[in-house]
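Here's the structure we're looking at; comments come further down.
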Amino acid sequence: MSRIAATFTQLKAQGRKALIPFVTAGFPFADITPELMHAFVAGGADVIELGVPFSDPSADGPVIQKAGDKALAAGVGMVQVLAMVREFRQRNAATPVVLMGYANPVERYNQKHPHTNAAVAGSSAFVQDAAAAGVDGVLIVDYPPEECEDFAAELKAHQMDLIFLLAPTSTDERMQQVARIASGYVYYVSLKGVTGSGALDTDAVEAMLPRIRQHVSVPVGVGFGIRDAATAHAISRVADAVVIGSRIIQLIDAQPRDQVAATAEKFLREIRTAIDS
């Protein structure tokens with residue numbers, strides 16, 4: 001059982017919902033990410049999503065795009081992201097970490113590190129190195145399920161999950177495709193658009209989740225547009241997990257370095273309290 005599956009099993013037994021904060025790796029300071037991840041855990045995070053900076057994101061709104069640009073300018077790429085996870089793991093062996101990003105950095109990593117292909121037959125350099133660093137799941141926005149079966153099998157062989165997005169526009173057929181190979185959890189994009197956009201319609205989310213669950217047996221997390229405790233509480237009543245990203249990035253962007261972690265922890269404590277209430 002993966003660390004993600006174990007976490008959701010434990011939460012379900014406790015009658016609790018998962019809190020999943022997101023931050024772009026290397027933002028707002030190139031070396032602050034492991035410290036920020038520990039602050040997330042202290043604030044009540046159950047799983048951490050770490051964004052891999054990429055120059056041409058398709059699902060991210062202006063807030064996360066700007067964070068990615070800043071991290072890239074500071075020299076943060078996949079090699080550095082894996083190093084951050086390794087550093088986090090020195091003090092935390094329990095909290096699942098999911099890398100969220102795009103195909104290009106994964107493909108590029110494999111091209112640049114061909115030497116590791118020989119180490120484990122059928123496994124890419126990325127999968128091996130991510131597993132060794134302590135990564136638990138991967139969400140690649142532009143990997144469609146019909147092209148991912150081998151990749152999913154590789155990850156599963158290393159106790160990692162492949163997580164997919166579902167959207168308000170997802171058809172039953174697409175949900176069935178995702179259900180066949182998804183593990184860990186699925187991430188329901190609660191509104192049409194990019195991260196941080198629009199106002200969340202909690203009634204629409206509530207209506208959609210039973211339809212998703214007809215096809216998908218893994219837990220369902222909901223993100224995009226969750227910005228405050230009230231929305232988080234409403235979503236937690238119907239979803240298995242609440243994902244928050246853009247709002248965290250906005251809050252920490254304006255902070256001096258010594259206040260970044262404390263600001264994130266304080267915000268997540270408020271969200272955690274709302275979810276548990």
**OP:** Have a look at 177, 80, 214 and tell me which one the Gaussian network model of the chain (Cα, springs below 10 Å) gives the largest fluctuation.
**Re:** 214
Subject >> Relative exposure of 24, 33, 7, judged by other C-beta atoms within 10 Å (fewest first) >> reply: 7, 33, 24
Original post:
Excluding residue 3 itself, what net charge comes from residues whose Cβ is under 12 Å from its Cβ, given Lys and Arg +1 and Asp and Glu -1?
Top reply: -2
Original post:
Local charge sum around residue 132 (other residues, Cβ-Cβ under 13 Å, Lys/Arg +1, Asp/Glu -1)?
Top reply: 0
Subject >> Directionally averaged shadow of segment 1-157, computed from the convex hull of its alpha-carbon atoms, nm² >> reply: 9.7 nm²
**OP:** Towards the positive end of the charge dipole of the chain, with charges on Cβ (+1 Lys, Arg; -1 Asp, Glu), say which of 137, 78, 236 has the farthest Cα.
**Re:** 236
Subject >> Computed FRET value (nearest 0.05) for residue 171 with residue 13, which takes r as the C-beta separation and R₀ as 41 Å >> reply: 0.80
Original post:
Which distance in nm do the two modelled labels at residue 237 and residue 217 give, with both placed 7 Å along the Cα-to-Cβ direction?
Top reply: 3.0 nm
Original post:
Which whole-angstrom value gives the distance between the alpha carbon centres of segment 1-77 and segment 224-277?
Top reply: 12 Å
Original post:
To two decimal places, what compactness ratio does segment 175-277 give when its Cα radius of gyration is scaled by 2.2 N^0.38 Å?
Top reply: 1.16
Subject >> Percentage of interatomic Cα-Cα distances in the chain larger than 26 Å >> reply: 37 percent
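All of the numbers you see were taken from the coordinates with simple rules; none came from a lab. What you are looking at is a predicted structure, and each value in this text was computed from that prediction instead of being measured. Neighbour counts run over all protein chains shown; Cβ positions are idealised from the backbone, glycine included.
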